[in-house]
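These notes are about the structure you will find just below.
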Amino acid sequence: ITILSAWSSNSKFPFIGGIRALHQMVSFEIPLILSLLGVVILTGTLNLSEIVVSQTNFPWIIFLPIGAIIFFITILAELERIPFDLPEAESEIVAGWLTEFSGMIYGLVQLGTYLKLYAFAALFVVLFLGGWTGPMIWPPFPEEIITDGIVMGPITAKIPGLPVFSQEMLNGVVWFVLKTVGVIFFILLPRGVFPRIRIDMLLSLGWYKLIGLAFVNIFIALGLLYAGVLGPGGIL
């Protein structure tokens, strides 16, 4: 979609930005997928709910920090965030492959980009930070309450227009939102901290360093699995 949008704009600036985007996406999607294999190896499933349940005692970021770091870096590259905003590079090629876009078309593209940001942050929370698990952050709801000698039923939190939520569900929602917002903060932080890198540095990072580290992460996961420390039947 990106390269076709750039080509159809019939301008050299969007086309240059589209070529940069193509190089960047291809070189970073491979380590992104490889970084997730460690979690899949240790959990034995692709089901996100089961992956969260497997982190009841500890998040996977403790045992697979390399995979978490690679996934976070590739998130920045896939979202075209600084220091990986080479497809746009507004100081060099106007606005990259979005140069000829305007009005609501440009707005919809930006909307999709930020939805992708929220989705990636939520996926990072589910895979490496334990998802919606966390300690209770408020006192337990009383099972029953007596008013004027009349025993009322179980007390649950009710939100107008939404189903009845149990305490565990509310706690999970709060923890998931807090963790996701925290990841989004660290995704946005590099914009004010790091400068843009060169295209040759970007390709070298994606094809050589991150792919190599991704395989190291896979070997660590396999070692923990076959040593009987983690995974199905592990001691932890």
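The values are calculated or read from the model by the stated rules, or taken from the named source; none is laboratory data. A quick note: this is a predicted structure, and the numbers were derived from the prediction, not measured. Glycine gets a Cβ as well: all are built from the backbone with ideal geometry, and neighbour counts include every protein chain shown. Accessible surface is based on the protein model in full, side chains and every heavy atom, while ligands, DNA and RNA are left aside. Shrake-Rupley method; radii C 1.70, N 1.55, O 1.52, S 1.80 Å.
What nm distance separates the two modelled labels at Phe58 and Gln167, each placed 7 Å from Cα along Cα→Cβ?
Reported label-point gap for Phe58 and Gln167 is 2.9 nm.
Tell me, what is the FRET efficiency for Ser8 and Phe185 to the nearest 0.05, using R0 = 30 angstrom and their Cβ-Cβ distance as r?
0.25
Ranked from highest to lowest mean number of other Cβ atoms within 10 Å per residue, what is the order of the peptides 216-227, 98-109, 70-81?
70-81, 216-227, 98-109
Keeping all protein chains in place, calculate the accessible area per residue for segment 1-86 (probe 1.4 angstrom), answer in Å². Numbers along the way, then the final one.
Working: 3800 Å² over 86 residues.
Computed with neighbouring chains in place, this is 44 Å² per residue.
Subtract the Cα-Cα distance of Phe215 and Ile30 from 0.36 nm times their separation in residues, and report this length gain in nm to one decimal. Each step should come with its number before you reach the end.
Values: separation 185, 0.36 × 185 = 66.60 nm, distance 1.11 nm.
That pair, Phe215 and Ile30, stretches by 65.5 nm at full extension.
Ranked highest first by the average count of other Cβ atoms within 10 Å around their residues, in what order do 56-66, 20-30 fall?
Result, highest mean Cβ count within 10 Å first: 20-30, 56-66.
Probe radius 1.4 Å, ligands and nucleic acids ignored: give me the carbon and sulfur share of the accessible area of segment 1-47 as a rounded percent.
71
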